[in-house]
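The values are calculated or read from the model by the stated rules, or taken from the named source; none is laboratory data. Just so it is clear, the model here is predicted, and its values are computed rather than measured. All Cβ positions, glycine included, derive from the backbone under ideal geometry; neighbour counts span all protein chains shown. Calculation scope for accessible area: heavy atoms of the full protein, side chains included, ligands and nucleic acids excluded. Shrake-Rupley method; radii C 1.70, N 1.55, O 1.52, S 1.80 Å.
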Amino acid sequence: MPTYRAEKTAELLFDFPDGLNRSELDKQGVKLPVRMKFVDLVIERERDILLVEIKDPSHSRSLDKERNTYLKRLADNSVLTQELTPKARDSYLYLHLMERDSKPFKYVVLLGLDAFDPARQKALMFGFKDRLLADIREESFEAWKRKHIADCVVLSVESWNQTFPDWPLRREAPVALAADEEAMQ
């Protein structure tokens, strides 16, 4: 199973099976359309296409101040309206224009909130999926006529492994980061 890490410094590692039809959409160093925001991964399954966005405020290098700011932005929906919804829309639009839209799209948002206490996680996750789907479908004064995203799900690290047991996810510091942290001690 090849291991996938969204960025060199990412701590969330995915074990995807050989033959899984997946591609990175938000690829660094590749010419992409100007001002479009993309999800991290596109996974094409037999019956649908998953747009996967990874957000990890629990990253070990995140300072408490950064984590608290991110939590505030999650709670006031600014992450939802300014990041997650535009990424779903732009990713869909790009794939549509590239004629890669032959199946229903589902949006999967992975929130690495494991650094926070369970009560805080639960409070943040409560109703998040419904707010996200509502925002995706009605970004302006009226709803989109076409439902470009069939459904969405917002997952924690733990619920990812329950939802996608064939694609296990674990947290592990990159080797270079682990060595840097040891050298600092």
Can you confirm whether the range 111-129 contains a residue that is in contact (Cβ under 8 Å) with a residue 12 or more places away in the chain, assigned to a loop (DSSP other than H, G, I, E, B), open to solvent by less than 90 Å² (accessible area, probe 1.4 Å) and aliphatic (A, V, I, L, M)? yes
Quick check on this structure: which one of S62, S58 is within 18 Å of A10 (Cα to Cα), among the hydroxyl-bearing types (S, T, Y) and over 15 Å from the mean Cα position of the chain (by Cα)? S62
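Quick grid of which residues meet (1) outside any strand (DSSP E or B); (2) open to solvent by 30 Å² or more (accessible area, probe 1.4 Å); (3) in contact with a helix residue (DSSP H, G or I) (Cβ under 8 Å, 6 or more places away or on another chain); (4) over 22 Å from S78 (Cβ atoms):
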position	(1), (2), (3), (4)
K27	yes, yes, no, yes
K31	yes, yes, no, yes
V34	yes, yes, no, yes
K37	yes, yes, yes, no
L51	no, no, yes, no
P57	yes, no, yes, no
Please verify whether K147 is under 27 Å from E7 (Cα atoms) and open to solvent by 20 Å² or more (accessible area, probe 1.4 Å), treating the condition exactly as stated. no
Is at least one residue of the range 64-82 at pLDDT 95 or above, out of contact with any helix residue (DSSP H, G or I) (no Cβ under 9 Å at 6 or more places or on another chain) and either closer than 29 Å to D130 by Cβ or open to solvent by 30 Å² or more (accessible area, probe 1.4 Å) (or both)? no
Restricting attention to the range 114-162, which residues are polar (S, T, N, Q) and at pLDDT below 95? Q121, S140, S156, S159
Please tell me if K8 is under 18 Å from L84 (Cβ atoms), in contact (Cβ under 8 Å) with a residue 24 or more places away in the chain, open to solvent by 50 Å² or more (accessible area, probe 1.4 Å) and assigned to a loop (DSSP other than H, G, I, E, B). no
Looking at R100, R137, which is the one that is within 19 Å of Q82 (Cβ to Cβ) and not small (G, A, S)? R137
Taking the condition in a loop (DSSP other than H, G, I, E, B), of a type in the set (G, A, S) and either open to solvent by 30 Å² or more (accessible area, probe 1.4 Å) or over 21 Å from A10 (Cα atoms) (or both), does A134 pass? no
